[in-house]
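> Can you read through this structure? Questions will come right after.
The values are calculated or read from the model by the stated rules, or taken from the named source; none is laboratory data. Predicted, not measured: the structure shown is a model, and the values here were computed from it. Here the Cβ is made from the backbone with ideal geometry for all residues, glycine too, and neighbour counts use every protein chain on show.
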Amino acid sequence: MKRRYSVVYALWIAICAVLFLALSRAEDPARRSGRILNDDAGEVATRVVRARGGDYRGFEVVHIAYASRGEAGPEPRWIVLLDGVPHTALQKAIVVELRASDGAVLRVRKPE
């Protein structure tokens, strides 16, 4: 009985090793190629808003969302919501839209 479990255990390790090697080059769906990461989009948006100066210096990222082509415009984009600190319940919030492929600023606007 003990020997049978040893064989099953060794077989399970072999299967896991084969799957690990087979999937090691697979694309991570959470980090698709061809677009910047959401954290990078948040950093870019924060720099853009803080560069405006004035009341926007104390703003921080509240939420980041990905909008695919046709969903919020003609090209894929990151939509970054920023609000002042202390948070203003979105009374002073601002939205920065960035091109998903390179992080270029497309639009800065108030939330709708």
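> Report yes if some residue within region 57-73 is hydrophobic (A, V, I, L, M, F, W, C) and either touching a residue at least 40 places away in the same chain (Cβ under 8 Å) or touching a Pro at 6+ places or on another chain (Cβ under 9 Å) (or both); otherwise report no.
Keep residues of region 57-73 that are hydrophobic (A, V, I, L, M, F, W, C), which gives 59, 61-62, 64-65, 67, 72.
After this cut, where a residue has to be either touching a residue at least 40 places away in the same chain (Cβ under 8 Å) or touching a Pro at 6+ places or on another chain (Cβ under 9 Å) (or both) as well, the list is 67.
Yes, region 57-73 has at least one match.
> Moving on to the next point. Quick one: A45 ticks every box in (1) under 18 Å from R107 (Cα atoms); (2) over 13 Å from the mean Cα position of the chain (by Cα); (3) part of a helix (DSSP H, G or I) except a single one, so which number is it?
A45 satisfies every listed condition except (2).
> Check whether at least one residue in region 91-98 is over 16 Å from the mean Cα position of the chain (by Cα), surrounded by 15 or more Cβ atoms within 10 Å (Cβ to Cβ), assigned to a strand (DSSP E or B) and at pLDDT 90 or above, and report yes or no.
Taking region 91-98 and keeping what is over 16 Å from the mean Cα position of the chain (by Cα), we get 91-94.
Retained after the next criterion (residues that are surrounded by 15 or more Cβ atoms within 10 Å (Cβ to Cβ)): 92-94.
Filter again for assigned to a strand (DSSP E or B), leaving 94.
Okay, now just the ones that are also at pLDDT 90 or above, so 94.
Within region 91-98, one or more residues are over 16 Å from the mean Cα position of the chain (by Cα), surrounded by 15 or more Cβ atoms within 10 Å (Cβ to Cβ), assigned to a strand (DSSP E or B) and at pLDDT 90 or above.
> OK, next. In region 27-42, which residue that is of a type outside the set (S, T, N, Q), free of Cβ contacts under 8 Å to residues at least 60 places away in the same chain and outside any loop (DSSP other than H, G, I, E, B) is surrounded by the fewest Cβ atoms within 10 Å (Cβ to Cβ)? Working first, answer last.
Of all residues in region 27-42, those of a type outside the set (S, T, N, Q) come to 27-32, 34-37, 39-42.
Imposing the further condition that a residue be free of Cβ contacts under 8 Å to residues at least 60 places away in the same chain reduces the set to 27-32, 37, 39, 42.
Adding the requirement that they be outside any loop (DSSP other than H, G, I, E, B) leaves 39, 42.
Values: D39: 10, G42: 21.
Per the stated criteria, the residue is D39.
> In region 6-26, what residues are assigned to a helix (DSSP H, G or I), within 34 Å of the chain's Cα centre (by Cα) and not small (G, A, S)?
Step one: filter region 6-26 for residues assigned to a helix (DSSP H, G or I), giving 6-23.
Going one step further and asking which of them are within 34 Å of the chain's Cα centre (by Cα), we end up with 13, 15-23.
Selection gives I13, I15, C16, V18, L19, F20, L21, L23.
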